[in-house]
Amino acid sequence: MHLVPEIGEMGLLGANIEGYGCAGLSNVAYGLICQELERGDSGLRSFVSVQGSLAMHPIRSFGTEAQRLKYLPEMAAGRMIGCFGLTEPDFGSNPGGMLTKAVDDGDSYVLNGAKMWITNGTLAHVAVVWAKLDGEIRGFIVEKGDPGFSAPEMHGKHSLKASVTSELVFQDCRIPKDRILPGVKGLRGPFSCLNNARFGISWGALGAAMACYHSAVEYSKTRIQFDKPIASFQLIQMKLAWMLREITKGQLLALHAGRIKDKGELIPEQVSLAKMNNVDIALQIARTARDIHGANGILDEYPVMRHMANLESVYTYEGTHDIHNLILGRWITGIQAFT
Amino acid sequence: MKVGVLLKQVPASDTIIKINPDKTGIVTAGIKWETNPYDELALEAALQLKDAGKATGVVVLTVGAADADARVRDALSRGATEAIRVDEASVVGSDSLGTARALAAAAKAAGVELILAGKQAIDTDSAAVPAMVAELLGWPQVSVVTGLTVDGGKITAERNAGGGFIEVVSTSVPAVITCDKGLNTPRFANMKGIMAAKKIPIEVKSAADLGLSAGQVGAAGALVEESGLELPPPRPSSKIIQGATPEAKVKELVRLLRDEAKVI
């Protein structure tokens with residue numbers, strides 16, 4: 001939390017958004033930011049993903065000019081924190097089934113329902129919430145302090161401990177009419193946000209993988225067994241070579257995705273491929289790095305176990321590994337296998 | 001009021017310096033360059049004046065080859081609004097005076113009314129150029145300041161007078177101020193600044209473009225000639241005095257100071 005103003009000052013929030021106090025960087029530059037933040041910790045990158053891609057992006061893309069001017073400059077500076085409410089306790093991979101509802105009530109909308117697994121929820125000054133209005137999914141901006149809105153923190157996580165995860169609860173939550181995002185209807189809205197965030201994750205996961213790889217290289221060169229550094233054993237070298245190979249392939253995938261995203265040609269299936277692959281290999285690399293570190297690998301003196309535990313969340317959030325396979329499967333065969 | 005900042009690139013402070021074989025300069029290959037840290041204080045002071053609405057623009061002024069552009073670009077990314085680089089090739093062989101003439105001419109061309117500079121550059125430590133620039137422009141100079149306020153045209157600067165005393169000096173624009181540690185904490189460039197700086201051109205000018213004659217800069221205009229460079233002699237190895245008791249060690253130390261070091 002104490003890092004947020006500094007991150008804002010560096011211009012990392014909504015960095016690939018043009019105007020409204022944002023840096024207007026390319027998507028490749030945004031990806032590199034995600035990579036370097038997640039080299040530190042997935043929780044830090046999650047914060048930046050949610051703020052930029054999930055909260056600022058929909059306001060920029062689907063909001064009114066007045067909404068953009070009110071929220072984006074403050075959010076870019078890190079003075080206002082945002083969150084994104086889509087997932088519900090019983091609707092994760094199937095967001096279209098959401099129960100959260102908005103009702104038109106004269107000069108306001110009234111929201112009822114609950115969201116879960118919401119990064120930044122408790123910290124957030126502003127929540128972009130997806131709810132059904134007359135059976136159709138719409139985006140709403142809910143502010144901290146709106147009557148009937150609360151965001152209790154979820155406890156007991158073994159993963160992403162540097163990030164706050166919350167529930168969002170709406171009990172007859174009344175918001176003014178001008179808080180609806182007029183620019184989008186249906187699942188296209190939240191999916192557009194998720195595609196941006198997933199692209200960042202495909203870079204970010206590699207940052208965590210690189211931290212694990214570097215730690216494993218250093219450890220294996222200094223850990224002596226049988227009178228030799230363990231780096232001199234072929235089995236260790238094979239593992240290190242495999243890590244480097246997968247990181248390099250993942251980077252090429254992310255870089256290519258970034259370049260075609262900059263041209264506006266990146267399709268969601270390509271984002272699924274990159275997110276799925278890079279998080280998967282990052283998790284495997286973290287586990288292999290833990291193995292190379294031996295018993296020391298479980299200690300917090302080394303970053304590997306922390307990255308490994310974080311990546312378990314990253315593997316599941318923003319579209320589970322399985323769902324991304326099904327997105328790709330649908331693209332390959334033309335047959336959807338979700339249901 | 002536009003503020004000019006004199007900026008010099010210097011070898012990174014952890015560089016291991018090597019002298020070239022003909023002892024005319026240092027080996028520059030492989031050196032990592034950075035902005036002179038005292039100049040960063042000057043830049044930050046100028047940017048703070050801009051942020052406070054007291055400066056209309058911040059002009060980076062430097063003498064260097066194209067490889068100095070990275071440092072100038074960094075200053076622009078932090079918030080400087082213009083930059084003039086006097087091309088090294090047009091002033092090559094200059095002493096501090098030649099450099100000062102080039103910078104003073106560039107400052108005049110840029111129309112600045114206040115010049116901020118580092119108190120010295122950490123490579124040669126001459127601390128000569130800002131004072132010469134002030135003299136050439138006929139402006140007052142306040143050196144080595146640790147506090148600075150500018151109000152209207154009035155300048156109040158604090159100098160560390162030693163012994164815990166602060167000397168307060170007042171002057172008015174136009175003036176040259178050199179900056180010391182403690183004045184401020186330089187900011188980093190942020191992403192927005194980096195993007196914005198890409199659109200700002202770095203004006204490259206030769207000494208002739210600035211109206212300087214061949215005799216005023218370069219070796220022809222130099223009053224100081226550098227006769228050679230030497231590394232300091234290697235430090236003689238130290239000696240640890242052995243002895244059974246402290247008394248014996250002290251006795252041996254006194255004997256060595258008297259007979260070997262001949263200092264007592």
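The values are calculated or read from the model by the stated rules, or taken from the named source; none is laboratory data. Just so it is clear, the model here is predicted, and its values are computed rather than measured. Please note: Cβ atoms are built from the backbone with ideal geometry, for glycine as well, and neighbour counts cover all protein chains shown.
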* To do: Considering every residue within region A:121-139, establish whether at least one is buried (at least 22 other Cβ atoms within 10 Å of the Cβ), over 21 Å from A:LYS185 (Cβ atoms) and in contact with a Leu (Cβ under 8 Å, 6 or more places away or on another chain).
  => yes
* To do: Of the conditions (1) away from chain A (no Cβ under 13 Å); (2) under 17 Å from B:GLN48 (Cα atoms); (3) surrounded by 14 or more Cβ atoms within 10 Å (Cβ to Cβ), B:VAL169 clears all except one; give me its number.
  => (2)
* Quick check: anything in region B:175-185 within 14 Å of chain A (Cβ to nearest Cβ) and at pLDDT 95 or above? -> yes
* Among B:VAL92, B:VAL112, B:VAL86, which is the only one that is surrounded by 24 or more Cβ atoms within 10 Å (Cβ to Cβ) and assigned to a loop (DSSP other than H, G, I, E, B)? -> B:VAL112
* Matching residues in region B:165-183 - criterion: being of a type in the set (Val, Ile, Thr), part of a strand (DSSP E or B) and within 21 Å of B:ALA55 (Cβ to Cβ) -> B:VAL169, B:THR171, B:VAL176, B:ILE177, B:THR178
* **Within region B:189-205, tally of residues that are surrounded by 15 or more Cβ atoms within 10 Å (Cβ to Cβ) and either in a loop (DSSP other than H, G, I, E, B) or away from chain A (no Cβ under 14 Å) (or both)** => 7
* Just a yes or no: is a residue in region A:73-84 closer than 25 Å to A:LEU266 by Cβ, within 14 Å of chain B (Cβ to nearest Cβ) and either assigned to a helix (DSSP H, G or I) or of a type outside the set (Val, Ile, Thr) (or both)? -> yes
* To do: Return yes or no: is B:ASP39 in the same structural domain as B:VAL176 (by TED's automatic domain parsing), acidic (Asp, Glu), in contact (Cβ under 8 Å) with a residue 12 or more places away in the chain and surrounded by fewer than 24 Cβ atoms within 10 Å (Cβ to Cβ)?
  => no
* **Residue count, region A:30-45 (criterion: within 14 Å of another protein chain (Cβ to nearest Cβ) and among the acidic types (Asp, Glu))** => 1
* Being small (Gly, Ala, Ser), touching a Ser or Thr at 6+ places or on another chain (Cβ under 8 Å) and not in a loop (DSSP other than H, G, I, E, B) narrows it down to one of B:ALA45, B:ALA70, B:ALA75, so name that one. => B:ALA75
* Asked: Being surrounded by 13 or more Cβ atoms within 10 Å (Cβ to Cβ), small (Gly, Ala, Ser), assigned to a strand (DSSP E or B) and away from chain A (no Cβ under 14 Å), is that true of even one residue in region B:153-164?
  -> yes
* To do: Pick out the one residue from A:LEU168, A:LEU181, A:LEU160 that is at positive phi and buried (at least 16 other Cβ atoms within 10 Å of the Cβ).
  => A:LEU160
* Quick one: is A:VAL48 touching an Asp or Glu at 6+ places or on another chain (Cβ under 7 Å) and within 14 Å of chain B (Cβ to nearest Cβ)? -> no
* State which residue is surrounded by the fewest Cβ atoms within 10 Å (Cβ to Cβ) when the search covers only region A:9-29 and only residues that are assigned to a helix (DSSP H, G or I) and more than 9 Å from chain B (Cβ to nearest Cβ). => A:VAL28
